[in-house]
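Asker: First the structure, then my questions, so here it is.
The values are calculated or read from the model by the stated rules, or taken from the named source; none is laboratory data. Please read all numbers here as calculations on a predicted model, not as lab measurements. Ideal geometry is used to build each Cβ from the backbone, glycine not excepted, and the neighbour counts take in all protein chains shown.
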Amino acid sequence: MNTTTVAQSQESVNTHTPPAQMPPGPAILPEAACAMTARVFVKAISCEPVLVTGRGQTGAEAARNLLESCAALRTQADAPPPLASRTQRLSAMLACGLKHAMAHTDQKLVERLLKAAALVLAGSVVHTGEGAYQVRSQTEPTTTFYEVHGRTCSCPDSRRHDEDVAAYRCKHVLAACLVMKLDDQEKS
Ligand SMILES: [Zn+2]
């Protein structure tokens, strides 16, 4: 029973007449008469040679297209890789800083780095001038800002470490450093 139904259905498809006016299809390009292939070694793409083909109506045209394709491949391979997103680059910097802090068993620095990254993610760091930043307080973000210049900061934590200014960096200074590095990467 089922077989009969299928056969009838196929017959009805086969006998279907196409509409008198078919919509225009895509233009058919003439097939190239000549093709030339080369194996090109591009270190940035693959450790194996890449197969490149140039086509044309004449041998000279195929050769020219092959050379152009090879040149384009090299230009693309030499181009610098696209910059990762700001969050991805911040994560990489944070991981690097945490590794350094852990190597020195500096748990306080680990905590300040994490807080600094949170300040950056919250958009609490504003560049105000050459080496100068305004960083929002983490505990009173709506009312308090601290002024960061280089390694100095106007916050109470930084003032407590006045005698150790060369080595100590509060979370606001660390946050400003992270933003400075992120901005520098985008300039280059
Ligand atoms: Zn500070």
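Asker: Identify the residue in region 154-188 that is of a type in the set (S, T, N, Q) and more than 8 Å from the ligand (Cβ to nearest atom) and, among all such residues, is surrounded by the fewest Cβ atoms within 10 Å (Cβ to Cβ).
Answerer: Residue satisfying both the conditions and the ranking: Ser188.
Asker: What's the number of the only condition in (1) closer than 30 Å to Pro80 by Cβ; (2) under 27 Å from the mean Cα position of the chain (by Cα) that Gly129 fails to meet?
Answerer: (2)
Asker: For region 40-158, which fully contained strands (runs of 3 or more DSSP E) count at least 3 residues that are farther than 27 Å from Asp184 by Cβ and not assigned by TED's automatic domain parsing to the domain that holds Asp183?
Answerer: In region 40-158, 50-56 are the strands (runs of 3 or more DSSP E) which contain 3 or more residues that are farther than 27 Å from Asp184 by Cβ and not assigned by TED's automatic domain parsing to the domain that holds Asp183.
Asker: When you scan region 154-188, how many residues do you find that are closer than 20 Å to Leu98 by Cβ and in contact with a strand residue (DSSP E or B) (Cβ under 7 Å, 6 or more places away or on another chain)?
Answerer: Here the count works out to 6.
Asker: If you don't mind, there's one more thing I want to ask. Among the residues of region 88-106, which ones are surrounded by 12 or more Cβ atoms within 10 Å (Cβ to Cβ) and polar (S, T, N, Q)?
Answerer: Matches in region 88-106: Ser91 only.
Asker: Is it the case, given these coordinates, that Ala62 is more than 16 Å from the ligand (Cβ to nearest atom) and either exposed (fewer than 11 other Cβ atoms within 10 Å of the Cβ) or free of Cβ contacts under 8 Å to residues at least 24 places away in the same chain (or both)?
Answerer: Answer is no for this residue.
Asker: Collect the residues in region 122-153 that are surrounded by 13 or more Cβ atoms within 10 Å (Cβ to Cβ), aliphatic (A, V, I, L, M) and either over 20 Å from Gly97 (Cα atoms) or away from the ligand (no atom under 11 Å from the Cβ) (or both), keeping them in residue-number order.
Answerer: Correct list: Val125, Val126, Ala132.
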